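The values are calculated or read from the model by the stated rules, or taken from the named source; none is laboratory data. In this text, all values refer to a predicted model and were calculated from it rather than measured experimentally. Cβ atoms come from the backbone with ideal geometry, glycine included; neighbour counts cover every protein chain shown. Quick note on the areas: whole protein, heavy atoms, side chains included, nothing else; ligands and nucleic acids left out. Shrake-Rupley method; radii C 1.70, N 1.55, O 1.52, S 1.80 Å.
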Amino acid sequence: MANVVDVQGVRKVYNRDSLEIVVLDGITLLVPEGEFVALMGPSGSGKTTLLNLIAGIDRPTSGRVTVAGTDVARLSESALARWRSRTVGFIFQFYNLIPVLTALENVQLPLLLAPLSRKERRERALTALRIVGLEDRSAHYPRQLSGGQEQRVAIARAIVADPKVLVADEPTGDLDARSAEEILTLMETLNRDFKKTIVMVTHDPRAAQRAHAQKHLDKGVLTA
Amino acid sequence: MRHLPYILKHLRRNWVRTGSTVLAMSVCIFLFCTLQTFVRAVTWNLQSASATRLVTRHAVSLVFNMPIAYKERIAAVPGVVRVAKVNWFGGTRRPNDFTEFFPNFAVEAEPYLEIHPEFIVPEDQKKAFLADQRGCLVGRRTIDRFGWKIGGTFQLESFIPPYRVGKPFDFVIDGIFDTDLARYPGTDTSMMFFHYKYLYEMTNQRVGVGTYVVEIGDPHQATAVGRAIDALFENSDAQTKTETEAAFRAGFVSLAGNLAFLLNSIALAVTFTILLVTANTMSMAVRERRTEIAVLKTVGFPSGLVMGLILGESAALGALGGGSGLLFGWGLIRMLPSLPFIGEAVRGFPELGLSPAIGGLGFALALGLGLGAGLIPALLAYRARITDMLRQA
Ligand SMILES: Nc1ncnc2c1ncn2[C@@H]1O[C@H](COP(=O)(O)OP(=O)(O)OP(=O)(O)O)[C@@H](O)[C@H]1O
Ligand SMILES: [Mg+2]
């Protein structure tokens, strides 16, 4: 199987007050299609930084990031934005739903960029909400939902444009055990039944257990 | 257009902020429109100044009169076609009560009417007026204002000391003059004219001449003829100052012009304040929404679109503020004449009302303010990097 995510010798360096901070120091990571990978490591080890590179919202200082066959660094800003809307779904720790929009409108957001009619957008968004089990909450605003429900709406938003890759940054980090459990089950379903390749950052060993593979990041270097 | 609901939802969600910003904007646009309308009304009359007319007056001040004998000497200057004596009478219907004021002048009727073709009087009325020592011509606006008729009489008493003779002047309305605004734009028909002779007799032949209106053959010679006239009286007690009618009137208006400048400065200051207020509103809105902007960009919204959404939101604030400001201004300008005190001052203006040009300008100003206020936040959002915004949230 081809590698959907292909990270080769990536370095990420920040310059702060003429001080070089090496956040990622020569990372190589291959994620085959259909894989579910958990990325672990202590705080500040560079997990979010690596995830952002894979999601195409950041660029490496050196090295190459290829996702779904595209060398991310070669795309212009606007081409990269278009590419993201079709290729990756991003799931945040704090859901990041837009408070003034309903669940349905939040889910529709990525589709506003696609050449779809109103009706098609609505139908696709409702389908995504059905997959996460919240079709009956489509008219609710984020503040009317529980944390677990908000995260499920956020997941619906991540999958609505049918991307190949899902990246999740501590998706259960802000949830109680039961809600976390639901989210993890949902992610498993997406991986198994919908063939999504998933890269998930987590601190929680039990969450990491649900993935097929675990990678450890420490001081900018992958250890296992 | 598919993004419009998104913009409106934001405005509705923060309705207190939206409301107060719109209100501030609306006051600003209202002020702008009312002041502009006022300034325009004050300067409107300038348009009617003719290029072939000069006005000669006492060099020191309009308060002083010139000798009657100047007329023949001015008439003899090459380039001069006609000369008419004109004295501003300053009469009121009741002593020192200006509430029912209209401009009134003692004029040398025959040349005056020749020089001013914009005052259109039926031939028979003109004849009657010329033959009647106490006769007068009254403009249509004043006729309509008081419901006067031809043959009617009224009295005026001047507040100017030399013209106060211990009793009011009696007048008979011999004619009504109209104008043709298409041919003579800016012509005021609120004036009243009577015979200089009458003033002269009533004051025991003691008054001089306030101004000489001089018709010239060639408008290009205006400066030269004016200089020639003033040169005639250079060595006499009463030196003269001759200028074009436009310049002469602008002198009157410049007082109003200074007021207009002051009012415009206030409007400008208010506009600038509103720009700051709105810019503050917008940058608060954007700062609060850092994560949201990061999300929009993450799901693939191009930076240009994100910028457009913010500009759209601030332009919408401008449009709402401008629209309500116009409505407010339109209503108030219509009400103005019926207000006590202000109404009296304002009623004398021809053409009072919110013109489409000023209204359009006001609305454009509101839109511009909105866009201007949103520009910097929008640019910041355009340039902001997703990772930084997520980290700082
Ligand atoms: N824009 C930046 N400028 C300077 N340093 C940065 C910047 N972004 C990240 N860093 C640094 O990079 C390091 C790794 O950050 P990162 O967010 O990737 O860690 P993480 O593994 O996700 O940590 P956590 O588990 O706390 O989320 C940190 O030391 C952080 O301070
Ligand atoms: Mg992190």
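Accessible area buried by the pairing of A and B, both sides summed with a 1.4 Å probe, works out to roughly 2100 Å².
Sorted largest first by accessible area at a 1.4 angstrom probe radius, with every protein chain in place, the residues A:Ser117, A:Ser43 fall in the order A:Ser43, A:Ser117. Given the alpha-carbon gyration tensor of the range B:79-154, what are the semi-axes of its equivalent ellipsoid in whole angstrom, ordered largest first, with each equal to the square root of 5 times an eigenvalue? They are 23, 16, 12 Å, listed from largest to smallest.
Where only DSSP H runs of four or more residues are counted, chain B gives -17500 deg cm²/dmol as its mean residue ellipticity at 222 nm, each run worth -39500 (n - 2.57). Summary value for the range B:118-213: 39 percent relative contact order, contacts being C-alpha pairs under 8 angstrom separated by 6+ residues.
Taking a straight Cα-Cα cut-off under 16 Å and skipping sequence neighbours fewer than 8 places away in the same chain, the lysines within cross-link reach of B:Lys241 are B:Lys71, B:Lys85. Note on surface exposure: A:His216, B:His10 rank A:His216, B:His10 by accessible area, highest first, 1.4 Å probe. Interface residues of the range A:47-91, defined as those losing at least 50 Å² of solvent-accessible heavy-atom surface relative to the isolated chain (probe radius 1.4 Å), are listed as A:Ile57, A:Arg84. Once divided by 2.2 N^0.38 Å, the Cα radius of gyration of chain B becomes 1.39. Apolar share of the accessible surface for chain B: 62 percent from carbon plus sulfur atoms, 1.4 Å probe. Computed across the range B:120-190, the Kirkwood radius stands at 13.4 Å (inverse of mean 1/r, all Cα pairs). Reported value for the range B:60-238: 133 Å³ per residue, from the convex hull of its C-alpha atoms. Using heavy atoms of the protein chains and a probe of 1.4 Å, the accessible area assigned to B:Met307 is about 50 Å².
At the listed q of 0.06, 0.07, 0.11 Å⁻¹, the Debye profile of the protein assembly as shown, built from one uniform point per Cα, gives log10 I(q)/I(0) equal to -0.56, -0.63, -1.02. Restricting attention to chain A, the count of lysine pairs at 8 or more positions apart or across chains with alpha carbons under 20 Å apart stands at 8. Of A:Arg157, A:Arg74, B:Arg249, the residue with the largest accessible area leads and the full order is A:Arg74, B:Arg249, A:Arg157 (1.4 Å probe). Our summary gives the range B:1-108 a relative contact order of 12 percent, counting only alpha carbon pairs under 8 angstrom and 6 or more residues apart. The mean number of Cβ atoms from other chains found within 10 Å of a Cβ in peptide B:386-392 is 4, as a whole number. Spatially, the range A:123-172 and the range A:47-83 are offset by 24 Å when compared through their Cα centroids.
May I ask you to derive the relative contact order of chain B, considering only C-alpha pairs under 8 Å and at least 6 residues apart, and to give it as an integer percent? 28 percent. Sorting the segments B:217-224, B:153-160 by their mean number of nearby beta carbons within 10 angstrom, highest to lowest, gives B:153-160, B:217-224.
Averaged over its residues, the protein assembly as shown has an accessible area of 47 Å² per residue, based on protein heavy atoms and a 1.4 Å probe. Above 22 Å, the calculated P(r) of the range A:1-73 contains 20 percent of its Cα-Cα pairs. Each peptide in B:24-30, B:117-123, B:279-285 gets a packing score, the mean of other Cβ atoms within 10 Å over its residues, and the list from highest to lowest is B:24-30, B:279-285, B:117-123.
Across the alpha-carbon set of the range B:1-114, the Rg to Rh ratio works out to 1.34, Rh being the Kirkwood radius. By a 1.4 Å probe calculation restricted to protein chains, B:Leu181 has an accessible surface near 80 Å², given to the nearest 10. In straight-distance terms, cross-link reach from B:Lys167 covers every one of the aspartates and glutamates whose alpha-carbon lies under 14 Å from its own, apart from those fewer than eight places away in the same chain; here that gives B:Glu157, B:Glu201. Here the scattering of the range A:1-129 is modelled by Debye summation over its C-alpha atoms, one equal scatterer each and no solvent; at q = 0.09 Å⁻¹ the log10 of I(q)/I(0) is -0.34.
Each principal axis of the range B:192-243 carries a Cα extent, and these read 39, 29, 13 Å when sorted largest first. Of all beta bridges DSSP finds with both residues in the range B:60-238, what is the antiparallel percent, to the nearest 5? The answer is about 70 percent antiparallel. Placing one equal scatterer on every Cα of the range A:100-187 and applying the Debye formula, the log10 ratio I(q)/I(0) at q = 0.13, 0.20, 0.21 Å⁻¹ is -0.39, -0.90, -0.98. Taking only Cα atoms, what is the 0 to 90° angle, nearest 10, from helix B:245-288's long axis to the longest principal axis of chain B? The helix B:245-288 is inclined about 10 degrees to chain B.
For B:Ile376, the solvent-accessible surface with a 1.4 Å probe is about 120 Å², rounded to the nearest 10.
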